[in-house]
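Asks: Starting off with a structure, shown below.
The values are calculated or read from the model by the stated rules, or taken from the named source; none is laboratory data. Since we're looking at a predicted model, the values are computed, not measured. Neighbour counts run over all protein chains shown; Cβ positions are idealised from the backbone, glycine included. All accessible areas refer to the heavy atoms of the entire protein, side chains included, with ligands and DNA or RNA removed. Shrake-Rupley method; radii C 1.70, N 1.55, O 1.52, S 1.80 Å.
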Amino acid sequence: MEPRIMMKTLFAAVAGMFVLSASAAITVHDDDGKPVTLQKPAQRVIALAPHVTEMLYAAGGAERLIAAVAYSDYPEAAKRLPQVGSNSGIDMERVAALKPDLIVVWMHGSSERQIDQIRALGIPLFHSEPRKLDDIASNLSRLGKLMGTEAVAEPAAADLRKRLGALQLKYAKRPPVRMFYQVWDKPLYTLNDGHILSDAMRMCGGENVFGKLKVTAPVVTVEAVLQEDPEALFSGERSPTDVGLTLWKPYTTMTAVKRGNLFSIDGNLLNRSGPRMIAGAEILCDKLDVVRQRRGKS
């Protein structure tokens, strides 16, 4: 072969390699709107929040998850994952040693500095922060794309959208119910309208009595709750030893107590912005209908 023809053939082959490489790149935008680009589907993924762990499993990532954080307890297989920290701190050395090709993070006050350190390692990050119920299915789709598991992620996302759409249609015109959601009793704190849970409340026809507070998870007093006099009170149970709703039973003049509208829902279904939150919203909507049925009976 003539040298000139050989060089043309070589240049064509190299150009073809670049084209293939470019076409193979995967880009999605995370919940901050930042692009996340991988040259190939992620094979070694670390989840830095319990809701993220649930999301990755639902998106088909069971074989790709290599580590998680404390309280990553769903599905059952998640309990066997190595842990690299908790919401109070991440073991940076262990994260680096595991050589992940994707880390899915959740922002909160104590993690921001360490997430900046992870960025400095050059490991691709996807920030998962669903703020509306619709965002959960969107997270599933985007994470499935990053892992190359669309065959699992897309049907799962479609199912969530279908269930959510049915709830929105069913409860669109329900009379409002003023409600208080108790995350924890020591200290007594709740969630404001900026949290995804309030999106579920609104969909079901619930009005968060502390929704307008500026802090996402504000600490409130018993006196403040009594002054608001909610018609329904919900507790996100966390363990059998929680005081939970028994805290309120002595306050018999509160409307929620008077009418028996004290409800416990597994907090993991409402506090975590993962796929199971749609099931939590279904329960919440059903309980608020019970509240409506009890009007006028006390």
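Asks: Open to solvent by 10 Å² or more (accessible area, probe 1.4 Å) and closer than 30 Å to GLY205 by Cβ: is that true of GLN168 in this structure?
Replies: yes
Asks: A further question on this structure: When the residues of the stretch 129-165 are filtered to those that are outside any loop (DSSP other than H, G, I, E, B) and of a type in the set (S, T, N, Q), which remaining residue is surrounded by the most Cβ atoms within 10 Å (Cβ to Cβ)?
Replies: Here is the first cut: in the stretch 129-165, the residues outside any loop (DSSP other than H, G, I, E, B) are 134-147, 150-165.
Those left that are additionally of a type in the set (S, T, N, Q): 138-139, 141.
Working: SER138: 17, ASN139: 29, SER141: 18.
Ranking the qualifying residues of the stretch 129-165, first place goes to ASN139.
For (1) under 20 Å from ALA153 (Cα atoms); (2) open to solvent by 20 Å² or more (accessible area, probe 1.4 Å); (3) outside the structural domain of ILE123 (by the TED database); (4) without any contact (Cβ under 8 Å) to a residue 40 or more places away in the chain, each residue gets a yes or a no:
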residue	(1), (2), (3), (4)
ALA59	yes, no, no, no
LEU65	yes, no, no, yes
ILE90	no, yes, no, no
GLU93	no, yes, no, yes
ALA96	no, yes, no, yes
MET107	no, yes, no, yes
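Asks: Assess whether GLY205 counts as being at positive phi and not acidic (Asp, Glu).
Replies: Here the answer is yes, as GLY205 does meet what is asked.
Asks: Name the single residue that is surrounded by the fewest Cβ atoms within 10 Å (Cβ to Cβ) among those in the stretch 241-284 being in a loop (DSSP other than H, G, I, E, B) and aromatic (Phe, Trp, Tyr).
Replies: TYR251
Asks: Looking at PHE126 and the list (1) buried (at least 19 other Cβ atoms within 10 Å of the Cβ); (2) in a helix (DSSP H, G or I); (3) in contact with a helix residue (DSSP H, G or I) (Cβ under 9 Å, 6 or more places away or on another chain); (4) not hydroxyl-bearing (Ser, Thr, Tyr), which single condition is not satisfied?
Replies: For PHE126, the exception is condition (2).
Asks: Please verify whether VAL19 is within 19 Å of THR149 (Cα to Cα) and either at pLDDT 95 or above or surrounded by fewer than 16 Cβ atoms within 10 Å (Cβ to Cβ) (or both), treating the condition exactly as stated.
Replies: So VAL19 does not fit the description; no.
Asks: With the requirement that a residue be part of a strand (DSSP E or B) and either among the polar types (S, T, N, Q) or modelled with pLDDT of 95 or more (or both), what does the stretch 83-103 give you?
Replies: Hits for the stretch 83-103 are GLN83, SER86, LEU102, ILE103.
Asks: Being more than 19 Å from the chain's Cα centre (by Cα) and modelled with pLDDT under 95 narrows it down to one of ARG113, ARG178, so name that one. Break it down into steps so the answer makes sense when it comes.
Replies: Details: ARG178 fails: modelled with pLDDT under 95.
After ruling out the rest, the residue left standing is ARG113.
Asks: Filter the stretch 163-194 down to the residues that are free of Cβ contacts under 8 Å to residues at least 24 places away in the same chain and closer than 20 Å to ALA232 by Cα and list them by number.
Replies: Result: ALA172, LYS173, ASP193.
Asks: Collect the residues in the stretch 178-212 that are open to solvent by less than 10 Å² (accessible area, probe 1.4 Å) and assigned to a helix (DSSP H, G or I), keeping them in residue-number order.
Replies: Result: ILE196, LEU197, SER198, ALA200, MET201, CYS204.
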